[in-house]
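Undergrad: After the structure tokens below, expect a handful of questions from me.
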Amino acid sequence: MGYPHPSHPKETVVLSQYFGDEGARSFDGWVQRGGYQALKQALAMAPEAITEVVKASGLRGRGGAGFPTGLKWSFMPKPSGKPHYLCCNADESEPGTFKDREIMRWTPHALIEGCAISAFAIGAERGYIYIRGEFTEPIRIMQAALDEAYAKGALGGDVFGSGKRIDLYIHRGAGAYICGEETALMNSIEGKRGNPRIKPPFPAAAGLFGMPTTINNVETLAAVPHILTRGAAWYKGLCLSSPKSTGTKLFSVCGQVLKPGNYEVTMGFPMKDLIYDLAGGMRPGRSLKAVIPGGSSVAIMTAAEAESALCDYEGIAEKGSSLGSAGFIVIDDSADLVYEIYRLARFYAHESCAQCTNCREGTAWTVKILERILRGEGKPADLDLLMDLAENMTGKTICPLSDSCAVPVVSGIKKFRADFDRYLAGAKSPALAGV
Amino acid sequence: MSGHATAHGGETHEPVFTGKVRAQLEALFPRYPTRQACLLPALWIVQEQRGWISPQAMAEVAQELGVTPAYVKGVVTFYTMYHQHPVGRHFIQVCTTSPCHLCGSADVVGALLRHTGCGELGATSADGRFTVVEVECLGACGFATPILVDDDFIDAVTPERVPGILERYR
């Protein structure tokens, strides 16, 4: 539900059922709400059988890449004496996305249970929940829940009397968007700078501390207990459009809408209804100009594209963008799109880890050129220059941060060229002061 | 810290990891298969204790974890939340990334700079009470504008709410 707003009749409330319910935060409160049944059920299963259920459910990674979760788990090698690790990616930092924060704030045990089941399925005795450093409140709540889970035997050396060991620890980040990239996150846990690694090797072969590792997003892991208790067929049946996108998804809707919040709907839900109905639509007298749907690292959609899109991996790809982490940044006709694109470019320039030249230089020059345009000093060739730069920032680096900076710029120039041209023609007063 | 000059030209360093704080550090060791992996949490402990991470503290952490001081500095400088210099008694981080900017975060920044007396971003107020910095996406975009005051995450901040919030931090 779109906490703090009450649940909307068009939502399919699974993960967000207890958002706003403080009683769900304690171990006993979670058990009263049906919690930890799934973990007990899992401990009685063969690990491979759990992976098969998750595979059959169609669950795909909710962090942005949309990789099939069960398939990812199945890449883990058979036990060979080497430690296996689970990483939970709770480094939620993608502009526009704020769903994992709510899962951790309201239903910490849902995440712990999901982590424990996943750890058991992949043969890991140890997992790290990597939470971004700024999330002070989720860290406090998660730590209290972990302590309670240990005290109640849901974690530790003998999980619920099964003889299985599962330890989970929180690892606090310290302010680096790039650590949401899976291999950068592993480096950060290892006590290193958060530079992404070249792949292969993929984490299932050599991940955290060089050992077989599975890394999943918070929302992905929180969905797993529901899949086990209600069955893969139930989850797979939650589908309004493409059979490749199943289940429910939390859509973080923010920006210039009347009721921003996390709305949980079935995959394939119409974006128009999500924005106008659930999130309350535009402010009086305003109209929709653009939506950046995947968090900020995807192509900007025009109002027409957004209003005709279906919210799943395929539906948004069909409109030339990506579902990503499903953080919808809604932009109305009062906004200066050129400034907002510049602000996003500044984000990527700030967050570049700087190990690849194309990213380090490309993000910085993108900012400088956009600044020049916003100062009213843009040159007619600047848009071509930005496009050229973007070309050299796409598919040429170790991780996709550089691409993520390029894509809003390229789509912005292609779809909203008139906004840029107004600055270049001197028809719009500068948004940034001259130097 | 007392003010004796050392061979390195710095201040004498009162060790961070003694007594209960040392126990906090040692409690980290069994959680990771390497000592180096304790680096981020160890740096958090230093910052909690001292408010910032001095070069001497970096050297102390390096010694504890069996890495070089230069290595520790490399890590400290990578992560924006570690303070390499002293900051005001209350450290305020305000989100100004696009989703918050669309919802008026620039006015919140203005109100924070005015009411704290900091005047500009990154500066500390003359009374040493506040430092205000802008930060990239705080991950609470639906609750614009979020700010962090020390460890307190406060969302839906408006310019009107700023004086009342600051009152809580003397």
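The values are calculated or read from the model by the stated rules, or taken from the named source; none is laboratory data. No experiment lies behind these values; they were computed from the predicted model shown. Note that each Cβ is placed from the backbone with ideal geometry, even for glycine, and that neighbours are counted across all protein chains shown.
Undergrad: Test each condition in (1) within 14 Å of chain B (Cβ to nearest Cβ); (2) at positive phi for residue A:231 and report the one that comes out false.
TA: Single failed check for residue A:231: (1).
Undergrad: Here's something else I'd like to know. Of the residues that make up the range B:120-134, is at least one at negative phi, without any contact (Cβ under 8 Å) to a residue 24 or more places away in the chain and surrounded by 22 or more Cβ atoms within 10 Å (Cβ to Cβ)?
TA: Within the range B:120-134 (the criterion being at negative phi, without any contact (Cβ under 8 Å) to a residue 24 or more places away in the chain and surrounded by 22 or more Cβ atoms within 10 Å (Cβ to Cβ)), the answer is no, since none of the residues qualifies.
Here's the yes/no breakdown for (1) hydroxyl-bearing (Ser, Thr, Tyr); (2) more than 14 Å from every other protein chain (Cβ to nearest Cβ); (3) on the phi < 0 side of the Ramachandran plot:
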| site | (1), (2), (3) |
| --- | --- |
| B:89 | no, yes, yes |
| B:93 | no, no, yes |
| B:96 | yes, no, yes |
| B:103 | no, no, yes |
| B:114 | no, yes, yes |
| B:117 | no, yes, no |
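Undergrad: What single numbered condition from (1) outside any loop (DSSP other than H, G, I, E, B); (2) in contact with a Pro (Cβ under 9 Å, 6 or more places away or on another chain); (3) within 13 Å of chain B (Cβ to nearest Cβ) fails to hold for residue A:297?
TA: (1)
Undergrad: Please enumerate the residues belonging to the range B:131-163 that are out of contact with any strand residue (DSSP E or B) (no Cβ under 6 Å at 6 or more places or on another chain), within 10 Å of chain A (Cβ to nearest Cβ) and not in a loop (DSSP other than H, G, I, E, B).
TA: B:143, B:152, B:153
Undergrad: Can you say whether residue A:418 is closer than 20 Å to residue A:302 by Cα and surrounded by fewer than 16 Cβ atoms within 10 Å (Cβ to Cβ), as far as the supplied structure shows?
TA: It is true that residue A:418 is closer than 20 Å to residue A:302 by Cα and surrounded by fewer than 16 Cβ atoms within 10 Å (Cβ to Cβ).
Undergrad: Can you find a residue in the range A:304-322 that is among the β-branched types (Val, Ile, Thr), in contact with a Ser or Thr (Cβ under 8 Å, 6 or more places away or on another chain) and assigned to a helix (DSSP H, G or I)?
TA: There is at least one residue in the range A:304-322 that is among the β-branched types (Val, Ile, Thr), in contact with a Ser or Thr (Cβ under 8 Å, 6 or more places away or on another chain) and assigned to a helix (DSSP H, G or I).
Undergrad: Of (1) in contact with a Ser or Thr (Cβ under 8 Å, 6 or more places away or on another chain); (2) at the interface with chain A (Cβ under 9 Å from one of its Cβ atoms), residue B:108 satisfies all except one. Which?
TA: So the condition that residue B:108 fails would be (2).
Undergrad: Test residue A:175 against the stated conditions and say whether it is crowded, with 24+ Cβ neighbours inside 10 Å, part of a loop (DSSP other than H, G, I, E, B) and within 14 Å of another protein chain (Cβ to nearest Cβ).
TA: The answer is no for residue A:175.
Undergrad: For the range A:182-193: of the residues being part of a loop (DSSP other than H, G, I, E, B) and closer than 16 Å to residue A:129 by Cα, which is farthest from the other protein chains (Cβ to nearest Cβ)?
TA: If we take residues in the range A:182-193 being part of a loop (DSSP other than H, G, I, E, B) and closer than 16 Å to residue A:129 by Cα, then A:190 is farthest from the other protein chains (Cβ to nearest Cβ).
Undergrad: Are any of the residues in the range B:122-130 in contact with a Phe, Trp or Tyr (Cβ under 9 Å, 6 or more places away or on another chain) and within 12 Å of another protein chain (Cβ to nearest Cβ)?
TA: no
Residue by residue, here is whether (1) farther than 26 Å from residue A:54 by Cβ; (2) away from every other protein chain (no Cβ under 12 Å); (3) of a type outside the set (Gly, Ala, Ser) holds:
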site: A:265; (1), (2), (3): no, yes, yes
site: A:270; (1), (2), (3): yes, yes, yes
site: A:275; (1), (2), (3): yes, yes, yes
site: A:283; (1), (2), (3): yes, no, yes
site: A:304; (1), (2), (3): yes, yes, no
site: A:316; (1), (2), (3): no, yes, yes
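Undergrad: Something else now. Output the qualifying pairs, or none if there are none: Cβ atoms under 9 angstrom, residues six or more apart or on different chains, first residue in the range A:2-17 and aromatic (Phe, Trp, Tyr), second residue surrounded by fewer than 18 Cβ atoms within 10 Å (Cβ to Cβ).
TA: A:3/A:20
Undergrad: I've got another one for you. How do the helices (runs of 4 or more DSSP H) wholly within the range A:1-114 filter down when requiring 3 or more residues that are of a type outside the set (S, T, N, Q) and closer than 22 Å to residue A:241 by Cα: which remain?
TA: Of the helices (runs of 4 or more DSSP H) lying wholly inside the range A:1-114, those with at least 3 residues that are of a type outside the set (S, T, N, Q) and closer than 22 Å to residue A:241 by Cα span A:47-57.
Residue by residue, here is whether (1) of a type in the set (Gly, Ala, Ser); (2) crowded, with 23+ Cβ neighbours inside 10 Å; (3) in contact with a Gly (Cβ under 8 Å, 6 or more places away or on another chain); (4) in the same structural domain as residue B:112 (by TED's automatic domain parsing) holds:
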{"position": "B:138", "(1), (2), (3), (4)": "no, yes, no, yes"}
{"position": "B:145", "(1), (2), (3), (4)": "no, yes, yes, yes"}
{"position": "B:149", "(1), (2), (3), (4)": "no, no, no, yes"}
{"position": "B:155", "(1), (2), (3), (4)": "no, no, no, yes"}
{"position": "B:161", "(1), (2), (3), (4)": "no, no, no, yes"}
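Undergrad: Residues in the range A:39-62: is at least one touching a Gly at 6+ places or on another chain (Cβ under 7 Å), aliphatic (A, V, I, L, M) and under 17 Å from residue A:154 (Cβ atoms)?
TA: no
Undergrad: Consider residue A:62 carefully, then state whether it is touching a residue at least 12 places away in the same chain (Cβ under 8 Å), within 14 Å of chain B (Cβ to nearest Cβ) and of a type in the set (Lys, Arg).
TA: no
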